[in-house]
């Protein structure tokens, strides 16, 4: 779970609704300020239990460099309403929403997926979407394993027996006892609790299953020819740095390990994350 350092919207960042395949999604949109010029737009997709706020620290800096950006809540996340139908939350269904948001710009766009959002965005590309570029941030070649996968599996009985409220209470109790999360402000802590409560159980169960059972479509992604950046925190504790580096090699992708970050570079090292995206976009498409 990404933890935004603040919920404040920078100047030029606004809440919006954007059209998707199954209805509107909640979004944050940032437009370049006057005089910044205009380059290619970008779509940012969050991870499991995340939301558009996970990109708050990078939205204004990306826009200041001339890139209009939109960060979305996937269906069933935070302010994007979702049904109780598990079929709404498969990788295929979410990928169709992402493709529709990219099309909403009406021009070629860059695509960024964090963690589970990386699995969604790559599925959109292997299903036929052709963004200018794809950045996979803290996202591996296939199913998530290790301790984080075990946590996803532990969520299932809580959700099935007590619903989302039971899971949200358990998460809040765990965070309260975690010394690494002692500095979270009260408003952000409340936001994290409310964000989890807003997700339908069907969304958390289905996305969680997709996350820990996803197949390896790295070769399919390479065959699309879409330029890819693989970036991760230097101490990523989801997919290991080694897994992500090897995936980058298989893809023939650009690769970057971001100092000072674990699994959420946009929140933990936003300046480095912004610089990485801007450099990648410039290197691949100098005119954009």
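With axes computed from alpha carbons, what is the tilt in degrees of helix 201-213 against the longest principal axis of the chain, rounded to the nearest 10 within 0 to 90?
That helix lies at roughly 60 degrees to the long axis.
May I ask you to sort 237, 217 by Cβ crowding, counting other Cβ atoms within 10 Å and putting the fewest first?
237, 217
How far is the Cα center of region 182-222 from the Cα center of region 241-288, in Å?
21 Å
Defining a contact as two alpha carbons under 8 Å apart and six or more residues distant in sequence, what relative contact order in percent does the chain show?
Normalised by residue count, the contact order of the chain is 20 percent.
Give me the angle, in degrees from 0 to 90, between the Cα long axis of helix 91-104 and the longest principal axis of the Cα atoms of the chain, rounded to the nearest 10.
With both axes taken from Cα atoms, the answer is about 40 degrees.
Computed from the coordinates I sent, Cα Rg over 2.2 N^0.38 Å equals one of (1) 0.92; (2) 1.02; (3) 1.11. Tell me the label.
(1)
List 191, 280, 116, 55 from most exposed to least, where exposure is judged by having the fewest other Cβ atoms within 10 Å.
By the 10 Å Cβ count, ascending, the order reads 191, 280, 116, 55.
With axes computed from alpha carbons, what is the tilt in degrees of helix 146-176 against the longest principal axis of the chain, rounded to the nearest 10 within 0 to 90?
Around 60 degrees separate the two axes.
Do you know the relative contact order of region 50-143, to the nearest whole percent, from alpha carbon pairs under 8 angstrom that are 6+ apart?
20 percent.
Based only on other Cβ atoms within 10 Å, what is the fewest-to-most ordering of 110, 67?
If I rank by nearby Cβ atoms, fewest first, I get 67, 110.
Show that you can apply the helix-only estimate: for the chain, add -39,500 (n - 2.57) for every DSSP H stretch of four or more residues, divide by all residues, and state [θ] at 222 nm to the nearest 500.
That comes out to -14000 deg cm²/dmol.
May I ask for the distance between the Cα centers of region 134-168 and region 1-75, given as a whole number of Å?
Value for the Cα centre distance between the two parts: 24 Å.
Coordinate-derived values only; no laboratory data. Since this is a predicted model, take the numbers as computed values, not measurements. Here Cβ is always computed from backbone atoms with ideal geometry, including for glycine, and neighbour counts include all displayed protein chains.
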